[in-house]
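Reading through the structure tokens given below for one structure.
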Amino acid sequence: MSPTGAEVLRFIKSQIDEVDPAEVHRAVEAGDAVLIDVRETHEFEAGHLPGAKHVARGHLEQQIEGAAADRNQRLILYCAAGNRSALAAHTLKDLLGYQHVESMIGGITLWKDRGYDVVVPKSLTKEQRERYSRHLLIPEIGLEGQQRMLEAKVLLLGAGGLGSPTALYLAAAGIGTIGVVDDDVVDLSNLQRQVIHTTDRIGVPKVDSAEESMRALNPDVQVVKYRTRLDATNVMEILDGYDVVVDGVDNFPTRYLLNDATVRLGIPVVSAAILGFDGQLSVFKPFDGPCYRCLFREPPPAELAPSCGANGVLGVLPGTMGLLQATEVIKLITGAGEPLIGRLLLYDALGTTFTTVKVKRDPECPICSRDPATIEDSELGVFPDYEAFCAAAG
Ligand SMILES: [Zn+2]
């Protein structure tokens, strides 16, 4: 007659070593055992022992070496009540040759009853797992990177040509909080390139139109609207708390103001500029690389300053440059790859060439060569009078 399941379990337990939660607690504190949770993914995600690695029993044979390669180290397995871990311990000992395997008596249930700590990992909802599944499949992003994005706060200066593609793709990627600063309304002449807006939203404030498109794409995103222009009176208050700033502004005074404020606050800026068929891109991470003033100590001659009047731009160009900005933002947040710090990328759409030039910090830079605490409010964005500057251009 075949044995019953209960009899098999009793037999298996007689063949392995079982250990009390008190001893597991001591071993974990001392760091002299590898702790393996053999339950299912949803059980692990609902709470597990501190420092435990997850290898579901169904994947034990295929995955155990990734969690514990050394067959001579001490392994403690646990499950919900101590039965699955006993079966798994038996497999590791008898079939895979692990020398020091134990199963925790009573599982995580008894562990909790004894009052020991349980870690509850932050996890994605079922819908988020599906929405971000293509990120979860990339090792450089994965669950951790996606969670960082969901917790990140990114500020976009401008919901125009560069801001439109950046905002749409960052929203789609699951950046949790996106701030948008823009005081303008949607105009018919914007729609050749500002793809976040629509024809039926002409006359609507750009921050409202941008919010509508982003929220329609991804309801995970919180949009914070600033229907204003960035200036010396509001810059510190608006920037406070953001992890990355995306600079799509079209005028030099704001660029200098932004630079000085972000150096003082230590916030990286992903900056792009476009004109005609040409684009420029760089990442200014305070003290890791040059700041905007290191590169452009003086503003360009007024007659060359593109922001003094309406300028032509190929409609797709801000798309290209804005998505390069969005890519740099994601790299800064997740830590993937090498951000464009200390490099300036030049894109020539007519010739289809990308050129990267190295750019260095200026040891004499009026802003980033100093202790940020010494940068006074009155120094932020100090720049020749802009109206006079543009008037001089004729
Ligand atoms: Zn500098």
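Just need a number here: residues in region 14-24 that are in a helix (DSSP H, G or I), open to solvent by 60 Å² or more (accessible area, probe 1.4 Å) and either among the β-branched types (Val, Ile, Thr) or in contact (Cβ under 8 Å) with a residue 24 or more places away in the chain (or both). Total meeting the criteria: 1. Of the candidates Asp250, Asp243, Asp278, the single residue that is surrounded by 15 or more Cβ atoms within 10 Å (Cβ to Cβ), in contact with a strand residue (DSSP E or B) (Cβ under 7 Å, 6 or more places away or on another chain) and over 24 Å from Ile333 (Cβ atoms) is Asp278.
Please go through region 2-12 and pick out each residue that is assigned to a helix (DSSP H, G or I) and either without any contact (Cβ under 8 Å) to a residue 60 or more places away in the chain or open to solvent by 60 Å² or more (accessible area, probe 1.4 Å) (or both). Spell out the reasoning first.
First pass over region 2-12, keeping only residues assigned to a helix (DSSP H, G or I): 5-12.
Across region 2-12, the qualifying residues are Gly5, Ala6, Glu7, Val8, Arg10, Phe11.
Of all residues in region 213-236, count the ones that are more than 26 Å from Gln128 (Cβ to Cβ) and outside any helix (DSSP H, G or I). Qualifying residue count for the region: 9.
Taking the criterion of being touching a helix residue (DSSP H, G or I) at 6+ places or on another chain (Cβ under 8 Å), surrounded by fewer than 17 Cβ atoms within 10 Å (Cβ to Cβ) and under 17 Å from Lys112 (Cβ atoms), the residues of region 30-82 that qualify are Gly47, Pro50, Gly51, Ala81. If the condition is being surrounded by 15 or more Cβ atoms within 10 Å (Cβ to Cβ), part of a loop (DSSP other than H, G, I, E, B) and in contact with a Ser or Thr (Cβ under 9 Å, 6 or more places away or on another chain), then region 345-370 contributes Ala349, Val359, Arg361, Asp362. For Thr262, the criteria (1) modelled with pLDDT of 95 or more; (2) closer than 23 Å to Tyr169 by Cα hold in every case but one, which is (2).
Of a type in the set (A, V, I, L, M) and surrounded by fewer than 16 Cβ atoms within 10 Å (Cβ to Cβ): is that true of Val118 in this structure? Considered against the rule, which asks whether it is of a type in the set (A, V, I, L, M) and surrounded by fewer than 16 Cβ atoms within 10 Å (Cβ to Cβ), Val118 comes out as yes.
Of all residue pairs spaced 6 or more apart or on separate chains, those with beta-carbon atoms under 7 Å, a first member in region 204-220 that is surrounded by fewer than 17 Cβ atoms within 10 Å (Cβ to Cβ) and a second member that is among the β-branched types (Val, Ile, Thr) are Val204/Val185; Val204/Val186; Arg215/Val221; Arg215/Val223.
Hey, any hits in region 100-114 for a residue that's open to solvent by 20 Å² or more (accessible area, probe 1.4 Å), at pLDDT below 95 and closer than 23 Å to Leu60 by Cβ? No, region 100-114 has no match at all. Inspection of region 129-148 identifies at least one residue that is exposed (fewer than 12 other Cβ atoms within 10 Å of the Cβ), basic (Lys, Arg) and either modelled with pLDDT of 90 or more or under 22 Å from Gly31 (Cβ atoms) (or both). Among the residues of region 20-27, none qualifies, meaning not one is touching a His at 6+ places or on another chain (Cβ under 8 Å) and under 19 Å from Ile108 (Cα atoms).
Looking at region 82-99 only, could you name the residues that are outside any helix (DSSP H, G or I) and under 15 Å from Ala56 (Cβ atoms)? I'd like the intermediate steps shown before the answer.
Filtering region 82-99 down to residues outside any helix (DSSP H, G or I) leaves 82-83, 95-99.
Within region 82-99, Asn83 is the sole residue that qualifies.
Of everything listed in (1) at pLDDT below 95; (2) under 16 Å from Asp17 (Cβ atoms); (3) of a type in the set (Val, Ile, Thr), the single unmet condition for Ile76 is (1). Restricting attention to region 153-203, which residues are part of a loop (DSSP other than H, G, I, E, B), open to solvent by 20 Å² or more (accessible area, probe 1.4 Å) and more than 19 Å from Tyr242 (Cβ to Cβ)? Within region 153-203, Asp184, Asp187, Leu191, Gln192, Arg193, Val195, Thr198, Ile202, Gly203 qualify. Just so you know, in region 281-294 the residues that are away from the ligand (no atom under 11 Å from the Cβ), open to solvent by less than 10 Å² (accessible area, probe 1.4 Å) and not small (Gly, Ala, Ser) include one that is nearest to Gly342 (Cα to Cα), and it is Val283.
Residues being farther than 25 Å from Met149 by Cβ, within 16 Å of the ligand (Cβ to nearest atom) and without any contact (Cβ under 8 Å) to a residue 60 or more places away in the chain: count how many of those fall in region 335-368.
Just the residues of region 335-368 that are farther than 25 Å from Met149 by Cβ, to begin with: 344, 346-368.
If we keep only those that are within 16 Å of the ligand (Cβ to nearest atom) as well, we get 344, 358-368.
If we keep only those that are without any contact (Cβ under 8 Å) to a residue 60 or more places away in the chain as well, we get 358, 363-364.
Result for region 335-368: 3.
The values are calculated or read from the model by the stated rules, or taken from the named source; none is laboratory data. Keep in mind the model is a prediction, meaning the values are calculated, not measured. No Cβ is skipped: glycine too gets one built from the backbone with ideal geometry, and neighbour counts run over all protein chains shown. Areas reflect the complete protein model, heavy atoms only, side chains present, ligands, DNA and RNA absent. Shrake-Rupley method; radii C 1.70, N 1.55, O 1.52, S 1.80 Å.
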